[in-house]
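Please treat every number below as a calculation from the coordinates, not as lab data. Fair warning: this is a prediction, and the values are worked out from it, not measured in the lab. Virtual Cβ from ideal backbone geometry, glycine too; neighbours counted across all protein chains shown.
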Ligand SMILES: [Zn+2]
């Protein structure tokens, strides 16, 4: 059975995704579903300023999933530099898995890990180890 989630305002950014009941570590919370699109279309949609945020999850350099079209609660999971969830890829599917126990009403977070060479996105997650950006450090 899928863990119960709820969407509510977040101190990190906009709306966030919260545990509506405690969730154990190692649980697949949701699959990141949505429209499957090729790279060129994903780049076009990421640049579309009429959208409230970026919802593309890249599977590889060729393909992405657009959670804004047909997605679920996963799209509301905010970035944090010390997240309580991680990506769990299986073939061409992407799941969000908890990396520690999550308490009732705790916000679910994940590391967006934007490309080190891409446009720099500022982070205000508030974690002690916040690196100040959603991008991963350059190698
Ligand atoms: Zn941060």
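Just to check your reading of the model, which residue among 118, 126 is surrounded by 11 or more Cβ atoms within 10 Å (Cβ to Cβ) and at positive phi?
Details: 118 fails: at positive phi.
After applying the criteria, what remains is 126.
Which residues, counting only those in segment 61-78, are within 18 Å of residue 17 (Cβ to Cβ) and out of contact with any strand residue (DSSP E or B) (no Cβ under 6 Å at 6 or more places or on another chain)?
If the condition is that a residue be within 18 Å of residue 17 (Cβ to Cβ) and out of contact with any strand residue (DSSP E or B) (no Cβ under 6 Å at 6 or more places or on another chain), then 67, 68, 71, 75 are the ones that fit.
Residues that are within 16 Å of the ligand (Cβ to nearest atom): list the strands (runs of 3 or more DSSP E) wholly contained in segment 51-139 that include at least 1 such residues.
Working: elements: 56-58, 63-66, 85-90, 93-98.
Once the strands (runs of 3 or more DSSP E) in segment 51-139 are filtered for at least 1 residues that are within 16 Å of the ligand (Cβ to nearest atom), what remains is 85-90.
Checking the conditions here, which among 23, 37 is over 17 Å from the mean Cα position of the chain (by Cα), farther than 25 Å from residue 127 by Cβ and crowded, with 17+ Cβ neighbours inside 10 Å?
Numbers: 23 fails: farther than 25 Å from residue 127 by Cβ.
Selected residue: 37, the only one of 23, 37 that is over 17 Å from the mean Cα position of the chain (by Cα), farther than 25 Å from residue 127 by Cβ and crowded, with 17+ Cβ neighbours inside 10 Å.
Suppose the filter is within 22 Å of residue 130 (Cβ to Cβ) and out of contact with any helix residue (DSSP H, G or I) (no Cβ under 8 Å at 6 or more places or on another chain); does residue 65 pass it? Show your work before the answer.
Working: within 22 Å of residue 130 (Cβ to Cβ): no; out of contact with any helix residue (DSSP H, G or I) (no Cβ under 8 Å at 6 or more places or on another chain): yes.
Considered against the rule, which asks whether it is within 22 Å of residue 130 (Cβ to Cβ) and out of contact with any helix residue (DSSP H, G or I) (no Cβ under 8 Å at 6 or more places or on another chain), residue 65 comes out as no.
I need the full set of residues from segment 1-20 which are within 17 Å of the chain's Cα centre (by Cα) and without any contact (Cβ under 8 Å) to a residue 12 or more places away in the chain, in order please.
Answer for segment 1-20, where residues must be within 17 Å of the chain's Cα centre (by Cα) and without any contact (Cβ under 8 Å) to a residue 12 or more places away in the chain: 8, 9.
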